[in-house]
Each structure stands twice: as structure tokens, then as C-alpha cells.
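First up is the structure itself, then whatever we jot down about it.
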Amino acid sequence: MYDFMAKRQKQYESDGSDRISFLPKPILHHILSFIETPQVVQTCILSKTWKNIWRSVPTLDFFKINECTAELLDLVKFTDSLLFLRDGVNLRKLCLPLRGNDVGKVNGWIIYAMRHNVEVFEIRNVVRQSIPFTHILNSESLRVFRLVSTVLDLPASISLPALKVLKFLNVTVKDGQLEVLISAIPSLETLILEGCTFQSSSLTISATQLKNLVMSGEFPDSTVICTPNLVSLKLGIHKKPSPTITFDCSLLSLSYAILDYVQIRSQSLIQLMSTLKNARSLTLSEYFFAPFARELQKDDPLLNSIPFYNLRWLKLETYFDDDELASISNILKNSPEIESIVLVNKGWSKRKRGTEAEKLLPKYKLSHLKLVEIQDIIGSVNEVKMIKSLLENAMVLEKLIITVREDKDRSSKKKQKLMNLGKKLLTFPRTSASVGILYAQNW
């Protein structure tokens, strides 16, 4: 091995050749996947070694062509020529932007990709032209399919046995078509629906192998989800009022959940929180947490007693009003294994603050809590009392991190008040002898 390396080093020094050229082809292909496709082709002039490297590059990403390059190139002709001159090796990844002047070529490019066993295929339909889906949705090799800005038009038959990831961004979905498509993807593990338009009043997502689900935007009024093996869930529902989303199964494997709702209905909230009780990591946005807190104050026994036995990490966006303080306390009480909590202050609220804070704060020991982070504090009474309570009850707390909200217009008096708060924190009694406190202010 030493003799081989010494010989190679001597060759570098004697003929002046660069080291990159002697790398194995797979590594060269990987390097080229990070640059614009026209520049990949231009490497043919570097040396004899590079003359034909571009012909076998398995990744073709036409999204990376910047505006200046696009103006100089006839992109339709360039794409056509590049695919024609390739040496026939399989494609790992193909990203095609459709701009409207390539209507007559699109089907040919799609057929080429499928015949060369493309694994990752993404289409960005800039002008929302019609796309022929027959060959795309009948592929033995396709593992990842991303579709941007188009109308989904399913062919008569669909077969996607290898597809693992399906992402729709700004796609218009006709009544019942998503259900038909998902039923033809037996191995689907990740489904991402962002900014889509659904031309129906109901939607059912049923996928037994699905592990990751992202739903963001507006959805039909009645949405039923059956994904028993789900691991990761992100719901960003922005429709007012929000749709009724029902889980028709238990989520026993759920590890990670983010909820960002606008105007969630009471019944949906209770059902959803009950479904998420097995999550290890949970994030609730201000839009979800505020109505959740109000519902808790109605003293609903079902909502108040939801156990989060697996919860280890919790992030809440909060206004620190009395209702939300009580809700934070309730969640902590029902999460015996919690290790980390992040509280993000979203600002001042007109709702009640501080009048009953002492009654609402945790009165029980938190035996596993190691990290508390409170972001963007403004020095309110409820913030201070929450910090004090956590220090008193977190038995093994290791870190307390507090950051002050940045405000360029803050008066000198308020700045001094916040500086004094930082000093005061050091005097608060604490149960954990090893806790370190970081108080960061930026003005």
C-alpha cells in the first residue's frame, strides 16, 4: 500500500496532474452533483480524463441553472441534447423545471427518465402546463417523487412498488385522486402535502407503512388519517375555521409531532391530543396552545388527564397568561419522564396575567427535567414566577437558559429592569445543586 501511494505521489509531482482527476468515478459524480448542470458539461474541456465524465453523471439538476446562464442557453435544446448524448447509464436523480416552451418535449424527457430507472424525480411546473403522468406513475425504480405547481391527473393504471417519498407542493388535487394514488403505493413512508388545493369536501389518508406525514395549508373540512406506523407528524393547518382532522388509529410509534393550527375546534383538539399521547417530542404553536389552554380551563376531565408517559422534549409558544400557565403545569404534571422544555414568549396578551399565578404553578417534583430554555422573555410577573417554580421543583436540572426579547426601542428603565432580573435569578432557591444558569440579553 505504501509503495502504491508513493508511486501515485511521484506521478502527481512529475506530470503536474491534479489529484481530483484520479478520484474514483463515483466520487467525481458526487462532486459534480453540487454544481450547475451546464458547468458539469463544461468539465469536458479540462483534460482527457474529464472528456466523457459528464456523460455518465447520474444526477441532472436543471433547477440549479441560474438566471444569467438560462438567458444564454436554449434550455429546451440543451436538455434535449444532454439526454441524447449521455452514455446510457441509469439516472439516480432528475430535476426538471417546465417553463411552457417545452410542451412538446416533456413526455420524451419523462420516458427517458423512466427507461433509465430514475430513482429521484422532481418536476417544477412553473407555468402549470399539463403533464403526462402515465409513465411517471408506472415505474419500478422511482423511490422519490416531488411535484410542484400542477393539476394532478391520474392515468387509468398506477404502479409504484418502490416509491418511498411523495411530496406535493401547490398541487391541485381532484376529488378522490389522492386516495387512489396512495392506495397504489404500498411502500410509501413519507408524505408531504404543502399548499395544495383539494377539490373535495373530504379526504382520507390511509397508508399502513407511512412513517412521516407533513400537512401544511388548507384541507377538506373532513379529513381522516389512518397511519398506524407513523413516527413523525407535522400539521400546519391555516384554514379558518380549521377542518376536522380525525385519526382512525392509534399512533403507538409516534416520536415527533408539531402542531400549528388556526382556530381548532374543541372536539378536534381533545381527540388530537389524545392521539398524540405517545409522542416523545411535542411542539405546540401559539395558535394551537392558546385554544388548548382555554379548553383546559373548562375542566374537561378527558383533556385534563391525558397522560404523556413517553414525552421527553416539549416546546410551547406562549403568552404566559394565567390559562397558559395552568396548561404548562398540567402538561408537566402528566409527563413524568420529561427531560427538556422550551418556552417561547410570543409577546404581551390582553388575557389575564399574574392574578392567580401562584395557584397555577407546579407544586410537584420534576424528577427527570434537565433542561429549561425560555426564549424572548419580557420580564412579566408570570415569567418570573414560572422560572422560580421550575428551579424549586426540577430535582436534576442541569441548565436554565434564558434569552431576553430583542427590542431596539426598549427604554433605559426597562433595560435596567431586565438586567436586575438576571441578577435576581441567581438568588432564587433551587432544588438541583448542579444547575447552571445562562441569562442572555442583546441590545
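The values are calculated or read from the model by the stated rules, or taken from the named source; none is laboratory data. Here the structure is a predicted model, which means the values were calculated and not measured. Because the Cβ atoms are built from the backbone with ideal geometry, glycine has one as well, and the counts that use them run over all protein chains shown.
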Residue list for region 297-313, filter: surrounded by fewer than 22 Cβ atoms within 10 Å (Cβ to Cβ) and not polar (S, T, N, Q): Lys298, Asp299, Asp300, Pro301, Leu302, Leu303, Ile306, Pro307, Tyr309, Arg312, Trp313
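Condition check ((1) out of contact with any Phe, Trp or Tyr (no Cβ under 8 Å at 6 or more places or on another chain); (2) within 23 Å of Glu324 (Cα to Cα)) across all residues:
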residue	(1), (2)
Ser389	yes, yes
Ala394	yes, yes
Leu397	yes, yes
Ile402	no, yes
Arg405	yes, yes
Ser412	yes, no
Met419	yes, no
Lys424	yes, no
Could you tell me whether region 198-211 includes any residue that is without any contact (Cβ under 8 Å) to a residue 60 or more places away in the chain, of a type in the set (Lys, Arg) and touching a strand residue (DSSP E or B) at 6+ places or on another chain (Cβ under 7 Å)? yes
Of the residues in region 92-140, those that are under 21 Å from Leu32 (Cα atoms), among the aliphatic types (A, V, I, L, M) and assigned to a loop (DSSP other than H, G, I, E, B) come to Val118
Taking first residues from region 289-302 that are among the acidic types (Asp, Glu) and second residues anywhere that are at pLDDT below 85 and assigned to a helix (DSSP H, G or I), the pairs with Cβ under 6 Å that are 6 or more apart or on different chains are Glu295/Ser266; Glu295/Leu269; Glu295/Leu303
Go over the candidates Ser159, Ser139, Ser149 one by one and state the one that is under 24 Å from the mean Cα position of the chain (by Cα) and not basic (Lys, Arg). Ser149
Select from region 313-358 the residues that are more than 15 Å from Asn393 (Cα to Cα) and of a type in the set (Lys, Arg) and write down the one among them that is modelled with the highest pLDDT. Lys315
Where residues in region 110-155 are over 17 Å from Leu191 (Cβ atoms) and among the basic types (Lys, Arg), which of them is surrounded by the most Cβ atoms within 10 Å (Cβ to Cβ)? Arg124
Against the definition (of a type in the set (D, E, K, R), modelled with pLDDT of 90 or more and not assigned by TED's automatic domain parsing to the domain that holds Leu311), how does Glu286 come out, yes or no? no
Cβ-Cβ distance below 7 Å, separation of 6 or more or different chains: which pairs start in region 122-146 with a residue that is within 17 Å of Asn90 (Cβ to Cβ) and end on one that is surrounded by fewer than 16 Cβ atoms within 10 Å (Cβ to Cβ) and at pLDDT below 95? His135/Ile111
